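Chemist: Below: one structure in structure tokens.
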Amino acid sequence: MKTLVCETPGNFRYHDSDIPALTENHTILKIRTIGICGTDLHAFEGTQPFFSYPRILGHELAGEIVATHGAPGFSVGEAVTFLPYFNCGHCIACRNGKTNCCTSMKVFGVHIDGGMSEFISVPSDKLVHAEGLTFEELALVEPLAIGAHAIRRAEVTANDTVLVVGAGPIGLGVMEFARIAGAKVIGLDIHAGRLRFCEEKIQLQHGINGLTQDVARELVRLTDGDMPTIVVDATGSLKAINKGFEYLSHGGKYVLVGLQGGEIAFSHPEFHKREATLMSSRNATRADFEYVISCIKDGLITPSNYITHRVRFSEVESDFNSWLDPATNVIKAMAFLD
């Protein structure tokens, strides 16, 4: 089989590898679609924390079962996706049902080799039924689940005003699920094209361009002086994260979805007087995956809106570098296998 390996930052190469053998409590999948996410792009750049090389990237995946063991209810030939977060099952987080932040988490395609391959082996207990979704839709469940988890963590309601900083694929998902929760949603980005995309594709009501507009003044105007009750960072930019503290209402919550490698800094008195809450949101759970699938089935989200670039798996090596260029206007690239 063909496997695409990121050997060093900026360097991809196809390898010939053996198809994985079926082992106990594992399932062999023939990969049909691979979503390219920000983690993959940052790993290729060499700027992704927790990364080592060489590494097979890819964790936004959909495939077809070709062999399985220990997967009751699943069958050969079935279309599936899976949770790419391989947790230990016995640490404090796992015992408390927080499997998404296991103390020894191994994220497929990040800490261990992932899915840019024709066939993969995954733990059978991570499989998720397609529920009628297409392979393309299934490959988008994982990134959407990241947004769904963040909104669930923040306990967003119809009484909230949610500011989402960053209009990339993860930020778009956060916006979608904040909208579904009934909140007023404001998007903030420095790329006018991404803000237009949000307005056209996901009906974002309020967009702010951080380069051309006075962000604080616009937030005061849009919230009648209250400021957003929920601020979600989906950029992973240290500058954006630190700035986000200034946009929070009194009694508000700040949720960090984006990840960067440095230390955040903010004014303790300003944060304290707001009695604000700071939280991170990592990965997602099975409940989040199931919720995303139900939202897609109910027509609340249209995953195809996110896909701006489609390539064959054999073209990923040659095309990947172009997706780092903002001029390509990539939101979500998707690779397809026969």
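The values are calculated or read from the model by the stated rules, or taken from the named source; none is laboratory data. None of the values given here were measured: they were computed from a predicted structure. Don't worry about glycine lacking a Cβ; one is built from the backbone with ideal geometry, like all the others, and counts go over all protein chains shown. Quick note on the areas: whole protein, heavy atoms, side chains included, nothing else; ligands and nucleic acids left out. Shrake-Rupley method; radii C 1.70, N 1.55, O 1.52, S 1.80 Å.
Chemist: Along each principal axis of its Cα atoms, how long is region 165-312 end to end? Whole angstroms, biggest number first, please.
Modeler: 49, 35, 31
Chemist: Tell me, what HN-Hα J-couplings in whole Hz come from the Karplus equation 6.51 cos²θ - 1.76 cosθ + 1.60 at θ = phi - 60° for each residue of region 329-335, using x for Gly and Pro?
Modeler: These are the phi-based 3J(HN,Hα) values: 6, 6, 9, 9, 8, 9, 9 Hz.
Chemist: Mind checking which of VAL110, VAL5, LEU163 is farthest towards the positive end of the chain's charge dipole, using Cβ charges of +1 (Lys, Arg) and -1 (Asp, Glu) about the Cα centre?
Modeler: Farthest towards the positive end: LEU163.
Chemist: Which value, in Å³ per residue, describes the convex hull spanned by the Cα atoms of the chain? List each step's numbers first, then the result.
Modeler: Values: hull volume 44.3 nm³, N = 338.
Taking only Cα atoms, the chain has a hull volume of 131 Å³ per residue.
Chemist: Follow-up. Please report, in debye to the nearest 20, how large the charge dipole of region 70-190 is about its Cα centre when each Lys and Arg carries +1 at its beta carbon and each Asp and Glu carries -1 there.
Modeler: Values: 8 positive and 12 negative charges, 114 e Å.
Taking the Cα centre of region 70-190 as origin, the dipole is about 540 debye.
Chemist: Let me ask something else about it. Put +1 on the Cβ of each Lys and Arg and -1 on the Cβ of each Asp and Glu in region 261-318; which of ASN305, SER318, LEU278 then has its Cα farthest toward the positive end of the dipole?
Modeler: Farthest towards the positive pole: ASN305.
Chemist: Something else about it: Taking the Cα-to-Cβ direction at THR134 and at LYS239 and moving 7 Å from each Cα, how far apart do the two end points lie in nm?
Modeler: Going by the 7 Å Cα→Cβ label model, 3.9 nm.
Chemist: Per 10 Å bin, what percent of the C-alpha pairs of region 1-150 does each bin hold, from zero upward?
Modeler: 11, 39, 38, 11, 0
Chemist: If you count, for each residue, the other Cβ atoms within 10 Å and average over each peptide, how do 80-88, 15-23 line up from highest to lowest? Mind showing how you got there, number by number?
Modeler: Working: 80-88: 22.8, 15-23: 12.0.
Packing order, densest peptide first, comes out as 80-88, 15-23.
Chemist: Round to the nearest 10 and report in Å² the accessible area of VAL215, as given by a 1.4 Å probe over the protein chains' heavy atoms.
Modeler: 20 Å²
Chemist: Let me ask you something else. Taking Cα pairs under 8 Å and at least six residues apart, what relative contact order does the chain come out at, in percent? Each step should come with its number before you reach the end.
Modeler: Working: 726 pairs, mean separation 58.3, N = 338.
Computed over the chain, the figure is 17 percent.
Chemist: A further question follows. Heavy-atom accessible area of MET227 with all protein chains present, probe 1.4 Å, nearest 10 Å²?
Modeler: 30 Å²
Chemist: Could you rank GLU263, GLU7, GLU60 by how accessible they are, 1.4 Å probe, largest area first? Provide the component values of the computation, followed by the final result.
Modeler: Values: GLU263 160, GLU7 45, GLU60 5 Å².
Result, largest first: GLU263, GLU7, GLU60.
Chemist: Same structure again: What is the dipole size for region 16-147, taken about its Cα centre, with +1 at each Lys and Arg Cβ and -1 at each Asp and Glu Cβ, in debye to the nearest 20? Write out the running numbers ahead of the final one.
Modeler: Working: 7 positive and 15 negative charges, 108 e Å.
In total the dipole reaches around 520 debye.
Chemist: Rounded to the nearest whole Å², what accessible area per residue is found for region 264-338 with the 1.4 Å probe? Intermediate values should be presented prior to the final figure.
Modeler: Numbers: 3950 Å² over 75 residues.
Per-residue accessible area for region 264-338 comes out at 53 Å².
Chemist: Which value, in debye to the nearest 20, gives the size of the charge dipole of the chain about its Cα centre, when Lys and Arg are +1 and Asp and Glu are -1 at the Cβ?
Modeler: On the way: 29 positive and 39 negative charges, 130 e Å.
So the dipole magnitude of the chain works out to roughly 620 debye.
Chemist: Starting from the 7 Å offset along Cα-to-Cβ, what nm value, one decimal, do you get for the label separation of THR302 and VAL76?
Modeler: In this crude spin-label approximation the distance works out to 3.9 nm.
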